Structure formats: C-alpha cells, structure tokens
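The values are calculated or read from the model by the stated rules, or taken from the named source; none is laboratory data. Remember, it's a predicted structure, so these values are computed and weren't measured experimentally. Methodologically, a virtual Cβ is constructed for each residue, glycine included, from the backbone with ideal geometry; neighbour enumeration extends over all protein chains shown. Side chains are part of the model used for accessible areas, which takes the heavy atoms of the whole protein and leaves out ligands, DNA and RNA. Shrake-Rupley method; radii C 1.70, N 1.55, O 1.52, S 1.80 Å.
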Amino acid sequence: MTVTVFTNPSNPQCEATEQELAKLGVRYDTVDLTKNPSTFEQIKNAGFEQIPVVISPNSSWSGHRPDLIRQLAQSFAA
C-alpha cells in the first residue's frame with residue numbers, strides 16, 4: 001500500500017503526523033507543498049482545508065489525526 005503525506009516541513013501538525021506514522025511502522029512518501037504550489041492548489045480544490053493531508057488506498061484526511069493514523073497502521077498489520 002502507498003501512503004502519501006502532503007506536508008509543510010515547518011508545520012507542527014505535519015511533523016507530529018510523520019512521527020506517528022514512523023513510530024507505528026507505516027511507510028509513507030512525502031510531498032512538500034512549499035515546493036509544489038500547483039499540488040497545494042489541487043489539495044485545496046479537492047476540499048482539504050488544512051495540512052497535513054494523508055492519502056492512502058482506503059482513506060484520506062487532513063490535519064493531525066492520531067486515531068486515523070492508528071487505524072491505518074492496523075490495516076497494514078492485517
């Protein structure tokens with residue numbers, strides 16, 4: 001499964017999300033939105049209102065969501 005985190009490296013919620021994913025052993029790719037302004041516009045146009053945005057094959061969300069990160073990690077373990 002591929003997990004992508006759309007992030008701003010200086011944002012505390014982004015950092016917390018990445019740390020939690022790593023701690024739970026979820027492999028992910030990051031897209032730095034500060035270096036990809038067109039991707040940032042696409043994220044906003046898709047209805048996401050805050051960062052980070054996490055997209056996996058079965059779910060997507062915005063903001064730091066420890067509950068959803070745990071669910072994602074459990075789905076990888078299953």
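Roughly to the nearest percent, how much of the accessible area of the chain is carbon and sulfur, given a 1.4 Å probe? Can you show the working numbers first?
Details: 2220 of 4790 Å².
Summing carbon and sulfur atoms, their accessible area is 46 percent of the total for the chain.
How much of the DSSP bridge set in the chain is antiparallel, in percent, rounded to the nearest 5? Let's see the in-between values first.
Working: 6 of 10 bridges.
About 60 percent, rounded to the nearest 5.
Starting from region 31-78, pick out the trypsin sites (Lys or Arg not before Pro) whose DSSP state is loop and whose Cβ has at most 11 other Cβ atoms within 10 Å. Before the final figure, lay out the partial values.
Values: sites: Lys35, Lys44, Arg70; in loops: Lys35.
Answer by residue number: Lys35.
Go ahead and estimate [θ] at 222 nm for the chain from helices alone: -39,500 (n - 2.57) per DSSP H run with n ≥ 4, summed, over the residue count, rounded to 500. Don't skip to the end; give the middle numbers.
Details: 3 runs with 33 residues, N = 78.
Result for the chain, helices only: -13000 deg cm²/dmol.
Match the structure shown to one of the listed values (i) 1.01; (ii) 0.99; (iii) 0.94 of Rg/Rh (Cα atoms, Kirkwood Rh), computed from it, and give that label.
Of the labelled values, this structure produces (iii).
I need the GluC sites (Glu not before Pro) found in region 8-53, filtered to DSSP loop residues with at most 14 other beta carbons within 10 Å of theirs.
On the way: sites: Glu15, Glu18, Glu20, Glu41, Glu49; in loops: Glu49.
In loop regions of region 8-53 (DSSP not H, G, I, E or B), the sparsely surrounded GluC sites (Glu not before Pro) are Glu49.
Between Glu41 and Gln71, how high is the FRET efficiency from 1/(1 + (r/R0)^6) when r is the Cβ-Cβ distance and R₀ = 22 Å? Nearest 0.05. Numbers along the way, then the final one.
On the way: r = 29 Å, r/R0 = 1.30.
Here the calculated transfer efficiency is 0.15.
Would you please state which residues of region 45-78 a label at Ala16 would reach in this model, taking the label point 7 Å out along Cα→Cβ and a backbone N cut-off of under 13 Å?
51-52, 63-69
Roughly speaking, what is the stretch gain from Thr4 to Lys23, that is 0.36 nm per residue apart minus the C-alpha to C-alpha distance, in nm to one decimal? Provide the component values of the computation, followed by the final result.
Numbers: separation 19, 0.36 × 19 = 6.84 nm, distance 1.60 nm.
Using 0.36 nm per residue and subtracting the Cα-Cα distance, I get 5.2 nm.
Could you work out the relative contact order of the chain? I mean the mean sequence separation of Cα pairs under 8 Å and 6+ apart, divided by the number of residues, in percent. The partial results should precede the final answer.
Numbers: 104 pairs, mean separation 31.7, N = 78.
In percent, rounded to a whole number, it is 41.
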